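Step one of this worksheet: look at the structure below.
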Amino acid sequence: MKKANDIFIINRDPTKMTLTLAPAEGDYSLEIFESNHAIDMQTPISGKFSYVLDTNTKEWVNQVDGHSLEGLFVRDLIKQCNGIPKL
């Protein structure tokens, strides 16, 4: 059985949040762009994607293939972690 993650470092400012796992695991970042109503997310597994709000579903979706920000974030985090951070 895997032990719980010891390191979840969260840094926030008005337009960006970064979640750092154990140093060898990498960073997850969310950056907000108010001017064009978009969010960029980067994960150490999937790379960087841009998202816009789907006004019908109220989900942040990628304009290229329609995947959701939440879905990709959860899938990538589950692959690397045991437990969840307190945001």
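Report the extension gain between residue 31 and residue 9 in nm, rounded to one decimal, defined as 0.36 nm multiplied by the number of residues separating them, less their alpha carbon distance. Please report the intermediate quantities before stating the final value.
Values: separation 22, 0.36 × 22 = 7.92 nm, distance 1.65 nm.
Gain on extension, residue 31 to residue 9, equals 6.3 nm.
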All aspartates and glutamates inside 12 Å of residue 79 as judged from Cα atoms, apart from same-chain residues fewer than 8 positions distant: 25
Label-point separation in nm, residue 50 to residue 38, each point 7 Å along Cα→Cβ: 0.2 nm
Simple spin-label estimate for residue 20 and residue 64 in nanometres, 7 Å along Cα-Cβ: 2.8 nm
Karplus (6.51, -1.76, 1.60) ³J(HN,Hα), θ = phi - 60°, over the stretch 65-73, in Hz, Gly and Pro reported as x: 10, x, 6, 8, 4, 4, x, 5, 4
Accessible surface, 1.4 Å probe, highest first, among residues 10, 39: 10, 39
Residues whose placed amide H lies under 5 Å from that of residue 38, excluding near-sequence neighbours: 33
Whole-Hz couplings from phi, Karplus 6.51/-1.76/1.60, listed for the stretch 44-59; x for Gly and Pro: x, 8, 9, x, 10, 9, 10, 9, 10, 7, 7, 5, 7, 9, 6, 10
Residue 35 accessible area, assembled protein chains, probe 1.4 Å, Å²: 110 Å²
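The values are calculated or read from the model by the stated rules, or taken from the named source; none is laboratory data. Computed from a predicted structure; not experimentally measured. All Cβ positions, glycine included, derive from the backbone under ideal geometry; neighbour counts span all protein chains shown. Just so you know, the surface numbers come from the protein's heavy atoms only, side chains and all, with ligands and any DNA or RNA stripped out. Shrake-Rupley method; radii C 1.70, N 1.55, O 1.52, S 1.80 Å.
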